[in-house]
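Worksheet: one structure, shown below.
Read-outs throughout are calculated quantities, based only on the coordinates presented, and are distinct from any laboratory measurement. What you are looking at is a predicted structure, and each value in this text was computed from that prediction instead of being measured. Cβ atoms come from the backbone with ideal geometry, glycine included; neighbour counts cover every protein chain shown.
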């Protein structure tokens with residue numbers, strides 16, 4: 001019985017196996033990116049950027065229909081352009097990053113939805129907004145996997161300057177020139193992972209697999225490295241449980257995954273070891289020193 | 001030999017000078033107190049020395065040292081104290097110059113880090129998150145990082161602000177130890193008794209150098225009064241500064 005619910009969907013159907021592979025690859029990249037977004041207080045920047053991707057993806061859709069490759073390329077170009085521009089603007093003018101991105105947010109979403117609805121149907125629109133992880137073809141799956149690989153490798157390269165820049169940017173500026181490039185590369189990685197998530201979860205939920213796992217991790221650890229591991233693990237668990245849930249019920253896969261992640265987040269808020277509600281209400285007797 | 005040389009340096013923001021036509025030099029191994037009222041340009045001068053601020057005019061030379069090779073302890077460290085990083089990891093960033101982005105931190109380096117933490121009296125705190133430290137412990141930790149930076153020139157911006165006497169005494173010992181190693185140390189200070197007791201050289205700054213030399217000669221009542229008067233001019237409509245022939249010759 002348990003086997004039927006938990007394993008059979010994947011052993012019986014190839015599209016479920018592909019979806020599982022995609023969501024695991026996605027989690028590996030999005031987990032660490034989300035943790036840094038949160039620690040750098042950029043969670044909403046990620047959200048805004050997710051919408052900035054939409055017009056690019058929509059133009060790809062306009063040119064070649066519901067072709068994931070074209071839409072991804074379009075999304076990447078649009079995302080990079082916005083990330084780079086807003087990064088440069090905030091670094092050179094002192095305008096806060098979130099402010100310089102916020103302007104793009106609504107306009108981009110409106111442009112994107114307009115383009116898609118002019119050319120396509122409501123089904124296409126749903127696909128763009130909420131993704132379809134159950135329709136992973138070979139090239140798409142490969143792309144998702146290689147984007148995750150790129151993310152991990154690049155993150156390993158910029159990890160040290162990124163951490164130091166997050167804690168003590170002034171210090172980094174006095175010892176190294178690596179701060180600004182690390183920041184811009186990080187913005188690029190956000191785009192890569194949002195485009196990745198876009199395939200599976202759509203433009204509205206793509207950012208979910210970044211922010212929710214990071215939020216979960218924050219309640220269980222006080223150190224960056226374990227935080228990243230917890231984020232990746234909880235993203236994978238959400239992906240797996242979400243797929244099972246959507247297979248057994250009629251909930252669409254994308255929302256199902258994010259729903260599971262939200263439940264994990266809620267549980268973490270309540271029970272989390274670091275600053276959770278219940279541990280705060282019942283902290284136990286205070287220590288001697 | 002001069003470790004730091006200022007040639008007619010003007011530093012400021014939006015073309016308004018905060019340090020105006022400063023010339024002079026700091027000898028290698030000097031222990032120099034930089035004093036002056038709030039807004040006298042002490043922090044600005046330090047930011048100029050470590051390369052965070054480009055001079056509006058003039059040059060600052062550090063005898064072959066790059067600005068990056070000067071250790072700097074800022075006044076209001078814009079450290080994100082909520083960031084989840086341990087004291088040990090934080091202090092280890094002081095090794096940046098030798099390990100850079102990719103270098104590993106081996107047993108020898110870990111030893112050095114442990115020593116630096118012990119030298120500031122934070123042994124036992126290695127695994128604690130930086131967010132759990134008190135103000136004094138935070139300052140001790142920042143001193144440990146400066147210690148690790150092993151720099152020939154060390155610039156400390158008001159290191160004893162809001163520190164109790166125990167912390168000040170401990171950290172002052174560290175500074176005197178650096179002085180003994182012939183490192184060049186500059187510190188912005190407000191405590192005149194401390195300056196008299198521990199700092200042989202003093203620069204009294206009030207946008208311009210009011211006096212610069214042996215501490216006993218600089219810390220006179222006349223000089224201090226002059227400094228307070230000179231400090232209060234910031235004119236939004238000020239005309240561009242034309243160098244007088246005299247300051248050119250200096």
Compute the angle between helix B:165-180 and the longest alpha-carbon principal axis of chain B, please, reported from 0 to 90 degrees and rounded to the nearest 10. 80 degrees
Go through B:219-226, B:134-141 and give me the packing order, highest mean Cβ count within 10 Å leading. B:134-141, B:219-226
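Could you work out, residue by residue across B:82-91, how many beta carbons of other chains sit within 10 Å of that residue's beta carbon, and then give the average as an integer?
On the way: counts 3, 8, 15, 10, 3, 0, 0, 6, 5, 0.
Mean shielding by partner chains, rounded to a whole number: 5.
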At a Förster radius of 41 Å, what calculated FRET efficiency corresponds to the Cβ-Cβ distance of residue A:154 and residue A:2, to the nearest 0.05? 0.55
Helix-only estimate, please: 222 nm mean residue ellipticity of chain A, summing -39500 (n - 2.57) across DSSP H runs of length 4 or more and dividing by its residues, to the nearest 500. -28000 deg cm²/dmol
Relative contact order of the range A:227-284: what whole-number percent is it, with Cα pairs under 8 angstrom and at least 6 residues apart? 23 percent
Relative contact order as a percentage, the range A:122-276, C-alpha pairs under 8 Å and 6+ apart, gives 25 percent
For the range A:7-100, just say rounded, prolate or oblate: build the C-alpha gyration tensor, square-root its eigenvalues into a ≥ b ≥ c, call rounded for a/c under 1.5, and beyond that prolate if a/b exceeds b/c, oblate if not. oblate
How much FRET efficiency would the formula 1/(1 + (r/R0)^6) give for residue B:228 and residue B:14, where r is the Cβ-Cβ distance and R0 is 30 Å, rounded to 0.05? 0.75
Shape of chain A from its Cα gyration tensor (a ≥ b ≥ c, root eigenvalues): rounded if a/c is under 1.5, otherwise prolate when a/b > b/c, or oblate? oblate
Compute the distance from the alpha-carbon center of the range B:201-225 to that of the range A:36-108, in whole Å. 54 Å
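Can you put A:69, A:219, A:36 in order, fewest other beta carbons within 10 Å first? Write out the running numbers ahead of the final one.
Numbers: A:69 14, A:219 21, A:36 24.
Ascending number of Cβ neighbours within 10 Å: A:69, A:219, A:36.
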Take chain B, connect every pair of alpha-carbon atoms lying under 10 Å apart with a spring to form a Gaussian network, then pick out the residue of B:73, B:52, B:186 with the largest mean-square fluctuation. B:52
Longest principal axis of chain B (C-alpha) makes with the long axis of helix B:221-230 (C-alpha) an angle, in degrees to the nearest 10, of 80 degrees
How high is the relative contact order of chain A, in percent, with contacts defined as C-alpha pairs under 8 Å that are six or more residues apart? 26 percent
Distance in nm between pseudo-label sites at residue B:173 and residue B:192 (7 Å out along the Cβ direction from Cα): 2.9 nm
If you line up the long axis of helix B:107-119 against the longest principal axis of chain B, both from Cα atoms, how many degrees apart are they, to the nearest 10? 60 degrees
Based on the alpha-carbon gyration tensor of the range B:125-169 and its eigenvalue square roots a ≥ b ≥ c, which shape applies: rounded if a/c is under 1.5, prolate if not and a/b is larger than b/c, or oblate? oblate
Separation between Cα centres of the range A:193-247 and the range B:85-124, rounded to whole Å: 33 Å
Using Cβ counts within 10 Å as a stand-in for footprinting exposure, how do B:166, A:119, B:112 rank, fewest first? B:166, A:119, B:112
GNM result for chain A, Cα springs below 10 Å: residue of A:102, A:200, A:83 fluctuating most strongly: A:102
Taking the Cα of residue B:63, stepping 7 Å toward and past its beta carbon, and measuring to each backbone N in the range B:1-15: which are under 14 Å? B:1-6
In what sequence, highest mean first, do B:201-213, B:17-29 appear when ranked by Cβ atoms within 10 angstrom? B:201-213, B:17-29
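How many partner chain Cβ atoms sit within 10 Å of a residue's Cβ in peptide A:212-225, on average, as a whole number? Before the final figure, lay out each step's value.
Working: counts 0, 0, 0, 0, 0, 1, 1, 0, 0, 1, 8, 6, 5, 3.
Averaged over the peptide's residues, the number is 2.
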Expressed as a whole number of Å, what is the distance separating the alpha-carbon centroids of the range A:120-154 and the range B:141-179? 53 Å
Just for chain B, what percent of DSSP beta bridges are antiparallel, to the closest 5? 55 percent
Taking beta carbons within 10 Å but only from partner chains, what does the mean come to for residues A:159-172? 6
Compare A:166, A:108, A:11 in a GNM of chain A, Cα atoms joined below 10 Å, and give the one with the largest fluctuation. A:11
